[in-house]
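Below: one structure in structure tokens.
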Amino acid sequence: MTVARILIEKGNSVVTIGPAHTLDAAIHLLAEKSIGALVVTEADGRVAGILSERDIMRVLAKLGAAALDEPVSAHMTRKVTTCGRSTTVEEVMQTMTAGRFRHVPVCEDGHLVGMVSIGDVVKRRIATVEAEHQALRDYITTA
């Protein structure tokens, strides 16, 4: 299964924020949408970074409430690992595990086209394993 299939099933909407917005605005957007990360985009739609709950927790632990007025750009992860629609679920799982992150923006031709989370990947992987398990059961009972 590929990332394209995940996006077909879950949709390709991505919640984004501009780099000049404050961390306070980012926190409220994360809470409002019940998500764990925001893709930071420039005015032209180019991916500038990603801001996760972990990024916010680190800066709050370091700077306290004063950090809430700082721009997202000061605390986002600038080196964003992305994938394409043709990337397999196994490849994305490996990337997430190696990088120790839970969200991967999906880009095609430099444009953001979706986002996959570890939850999306695990859900699809479990479905695949369950289907294989059922196929084996069916094979055994009909043999």
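The values are calculated or read from the model by the stated rules, or taken from the named source; none is laboratory data. Bear in mind that the values here come from a model prediction, so they are computed numbers and not experimental data. Counting neighbours? That spans all protein chains shown, and the Cβs are built from the backbone with ideal geometry, glycine included.
Based on this model, can you work out whether Val116 counts as in contact (Cβ under 8 Å) with a residue 12 or more places away in the chain, closer than 30 Å to Ala131 by Cβ and assigned to a strand (DSSP E or B)?
Answer is yes for this residue.
Looking at (1) β-branched (Val, Ile, Thr); (2) closer than 26 Å to Ile27 by Cα; (3) in contact with a Ser or Thr (Cβ under 8 Å, 6 or more places away or on another chain); (4) crowded, with 17+ Cβ neighbours inside 10 Å, which one does Val116 not meet, given that it meets all the others?
(3)
Exactly one of these conditions fails for His28: (1) at pLDDT 95 or above; (2) on the phi > 0 side of the Ramachandran plot. Give me its number.
Looking at each condition in turn, His28 falls short on (2).
Can I ask one more? Residue by residue through the range 20-46, note down the ones that are closer than 22 Å to Glu108 by Cβ and buried (at least 16 other Cβ atoms within 10 Å of the Cβ). Lay out the reasoning, then the answer.
If we filter the range 20-46 for residues that are closer than 22 Å to Glu108 by Cβ, which is where we start, we get 35, 37-46.
The answer is Ile35, Ala37, Leu38, Val39, Val40, Thr41.
May I ask you to list the residues in the range 47-91 that are part of a loop (DSSP other than H, G, I, E, B) and either surrounded by 13 or more Cβ atoms within 10 Å (Cβ to Cβ) or aliphatic (A, V, I, L, M) (or both)?
To start, the set of residues in the range 47-91 that are part of a loop (DSSP other than H, G, I, E, B) comprises 70, 75-76, 78-82, 84-87.
Of everything in the range 47-91, those that are part of a loop (DSSP other than H, G, I, E, B) and either surrounded by 13 or more Cβ atoms within 10 Å (Cβ to Cβ) or aliphatic (A, V, I, L, M) (or both) turn out to be Glu70, His75, Met76, Val80, Thr81, Thr82, Gly84, Arg85, Thr87.
Does any residue in the range 18-39 that is under 16 Å from Val59 (Cβ atoms) come within less than 6 Å, Cβ to Cβ, of a residue that is part of a loop (DSSP other than H, G, I, E, B) six or more places away or on a different chain, and which pairs are these?
From the range 18-39, the pairs are Leu23/Glu70; Leu38/Val15.
Of all residues in the range 72-94, which are aliphatic (A, V, I, L, M), farther than 22 Å from Pro19 by Cα and in contact (Cβ under 8 Å) with a residue 40 or more places away in the chain?
Initial filter on the range 72-94 (aliphatic (A, V, I, L, M)): 72, 74, 76, 80, 89, 92-93.
Still in the list and also farther than 22 Å from Pro19 by Cα: 89, 92-93.
Of everything in the range 72-94, those that are aliphatic (A, V, I, L, M), farther than 22 Å from Pro19 by Cα and in contact (Cβ under 8 Å) with a residue 40 or more places away in the chain turn out to be Val89, Val92.
Here is a further query. Scanning for something at pLDDT 95 or above and either under 19 Å from Gly119 (Cβ atoms) or among the aromatic types (Phe, Trp, Tyr) (or both), does the range 65-75 turn up at least one residue?
No.
Considering every residue within the range 99-112, establish whether at least one is among the aliphatic types (A, V, I, L, M), touching a strand residue (DSSP E or B) at 6+ places or on another chain (Cβ under 7 Å), touching a residue at least 24 places away in the same chain (Cβ under 8 Å) and closer than 17 Å to Thr2 by Cβ.
Among the residues of the range 99-112, at least one is among the aliphatic types (A, V, I, L, M), touching a strand residue (DSSP E or B) at 6+ places or on another chain (Cβ under 7 Å), touching a residue at least 24 places away in the same chain (Cβ under 8 Å) and closer than 17 Å to Thr2 by Cβ, which makes the answer yes.
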